[in-house]
Amino acid sequence: MLSRLPKLFLPACLALFLWLDGCAQAATWFVATNGFDTNTGTSNSPFATFTRAQSAAAAGDTVWLRGGTYFLSNTNLTATNAPWVIVNNVTKNNISYVAWPGELPVFDFSNVRPPIANSNRVTAFLVTASGCTFKGFDVVGVQVDVALQHTQSENFRIAGGNFNRFEQLRMHDGMANGWYLTSGASNLVLNCDAYNNRGLDSGSLGNTDGFGCHPSSTSGKGNIIRGCRAWFNSDDGYDCINAFAVVTFDHCWAFWNGYFTNFASSTGDGNGVKGGGYGVSGSSFPTPIPRQVIEFCVAVRNRANGIYANHHLDGQTWINNTSYHNSVNYDMLCSTNNSSSAGDCPGYNHIMKNNLGYKGGTEVKNLGPVNDTNFNYFTLPISIATNDFMTLDESLLTASRRTNGDLPYINFARLTNTSDCINAGTNQGFAFYGTAPDLGAFEFGPTNAPNPTIARVGTNLIFTASGWANRTNYLLASTNLLLAVSQWPFIGTNLSNLSGDCTFTNGISSGSAANFYRIGLP
Ligand code: CA
Ligand code: CA
């Protein structure tokens, strides 16, 4: 890592002026737990509710959400769309709803209680708007009806919105789907967590997924779920049954789904990533059948299948996934028709490359002869054992995310330097180290390059870097960029924490010459 101080500061200043000019028309609004909707919405006079802020805001505006817990109740309902009641009805385009830096807003829906006027489902945030951003807050406690069977609620339901961004949201400890799309295109779900979402009864337990992406028309293209985690959801971690357009699951982790927190069965389906299908009861399906994409995902100890094709009517694309300790690590079941399970058949037309599995009750199931399956752990002349992995400690999967919201850097399921999975894969167009891609979701080598930042605080320079969990780092400085690295003066060492973050502080005096800095591993 190389940084030259003057060059870092100059573009930052230019960028600031450009930003001010471009944002001159946009307004900001504030929502706080001590606010009132009769206020003016300024930082000193914040609103109380998300809904009031939306009504004040116009396209391009930002609504800042201050930290603390917002307790919602039936008085906050804004719409009824039987069988749903809607709390926050997001209809205005191009507005950003963002947590105030350093604060955590929590929206608690546990006192929004159906049924009300024949409605037995709750949608905490219904999004029919496009171009909005939702970032940095928690949604908790969303309820389902206590008396009726087979009901379903949602933390977020996207019903027609396009180009929205859902980032660093945590949807947890309720009875509802975390994030759920029924129509809309090009939405990005980035670095979100959905956990401890469980229904109440045989119906709702089997309806509560972490993330569900089910675009109901062929125009619902380009939805991407990336960098997310789903655990202890009573049905599946990720589900795209009945998707009429391609859905991409990229760098997502699914673990412990289909279980309650004591690992008793939830009775829901219990799959990690359920990548497609149209049921087997005659429901409609698109032509052609979309080829769903599941890449760089990690599935661990889900009650049923870690990675599951779910009776899909054609093949899907499965690249560089790691599936460990599931009842079945890879179940590639397809179907020849949509009318009954009698059409179920071994999977066909799948593209599977660079996938890795270990310790499944069954490793690979329902995979027929007509597939492209070279370069997987089950087709290569390699053996997988515990010593292929740095650790298989599942508890690391819930580690805190990095400060920018990225998945934590953990050693779970990372390859040891003697593993025969290293360079055993085949090039699929993604960056890799060495002579070829490795098997599984984590490439061996310094691919998780630290993300360095530099800031000046008084007479100190503060360097931070992330990406190397629990490893020793060092800092070098030189006024001469051309000097051999071995001759750069040594400033200090530090140990990254388990999330991979480290910080160096270096004092400077006024009039110092420009310095170059390197952060590296020994
Ligand atoms: Ca499901
Ligand atoms: Ca490699």
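Here is how the numbers come out for the structure above:
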{"quantity": "Hz values of 3J(HN,Hα) by residue in the stretch 406-422 - Karplus curve (6.51, -1.76, 1.60), Gly and Pro given as x", "calculated": "5, 3, x, 8, 10, 8, 4, 6, 6, 6, 7, 6, 9, 5, 7, 7, 5"}
{"quantity": "Sum of side-chain charges, PHE412 neighbourhood, beta-carbon under 9 Å (Lys, Arg +1; Asp, Glu -1)", "calculated": "-1"}
{"quantity": "Environment charge of ARG198, counting only residues whose C-beta is closer than 10 Å and scoring Lys/Arg +1, Asp/Glu -1", "calculated": "-2"}
{"quantity": "Karplus 3J(HN,Hα) series, Hz, for the stretch 207-224 with 6.51 cos²θ - 1.76 cosθ + 1.60 (x for Gly, Pro)", "calculated": "10, 10, 9, x, 9, x, 10, 10, x, 8, 9, 5, 7, x, 8, x, 7, 10"}
{"quantity": "Label-to-label distance, nm, for residues given as ALA455 and THR403 (7 Å Cα→Cβ offset)", "calculated": "0.6 nm"}
{"quantity": "Portion, in percent, of the accessible area of the chain that falls on carbon or sulfur, probe 1.4 Å", "calculated": "54 percent"}
{"quantity": "Taking only Cα atoms of the chain, radius of gyration then Dmax in Å", "calculated": "24.6, 80"}
{"quantity": "Where LEU313, LEU181 fall by accessible area, highest first, once all protein chains stay in place (1.4 Å)", "calculated": "LEU313, LEU181"}
{"quantity": "Label-to-label distance, nm, for residues given as THR493 and PHE260 (7 Å Cα→Cβ offset)", "calculated": "4.9 nm"}
{"quantity": "Probe 1.4 Å - accessible area at TRP84, Å² to nearest ten", "calculated": "50 Å²"}
{"quantity": "Selection from GLY220, TYR517, THR398 lying farthest towards where the dipole of the chain points positive, charges on Cβ", "calculated": "TYR517"}
{"quantity": "Accessible area (Å², 1.4 Å probe, nearest 10) - ASP406", "calculated": "60 Å²"}
{"quantity": "Heavy atoms of ASP314 accessible to a 1.4 Å probe, total area in Å² rounded to 10", "calculated": "50 Å²"}
{"quantity": "Whole-number percent relative contact order across the stretch 186-290, with pairs defined as alpha carbons under 8 Å at least 6 apart", "calculated": "28 percent"}
{"quantity": "Set of lysines with alpha-carbon distance to LYS274 below 23 Å, sequence-local pairs under 8 removed", "calculated": "LYS221, LYS353, LYS359, LYS365"}
{"quantity": "Exposure ranking of ILE384, ILE307 by accessible area [1.4 Å probe, largest first]", "calculated": "ILE384, ILE307"}
{"quantity": "Whole-Å distance, taken between Cα centres, linking the stretch 347-381 and the stretch 75-103", "calculated": "43 Å"}
{"quantity": "The chain - mean residue ellipticity at 222 nm from DSSP helices (-39,500 (n - 2.57) per run, n ≥ 4, rounded to 500)", "calculated": "-1500 deg cm²/dmol"}
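The values are calculated or read from the model by the stated rules, or taken from the named source; none is laboratory data. What you see is a predicted model, and the numbers here were worked out from it, not measured in a lab. Cβ sites come from the backbone with ideal geometry, for glycine too, and all protein chains shown count toward neighbours. Side chains included, ligands, DNA and RNA excluded: accessible areas come from the protein's heavy atoms. Shrake-Rupley method; radii C 1.70, N 1.55, O 1.52, S 1.80 Å.
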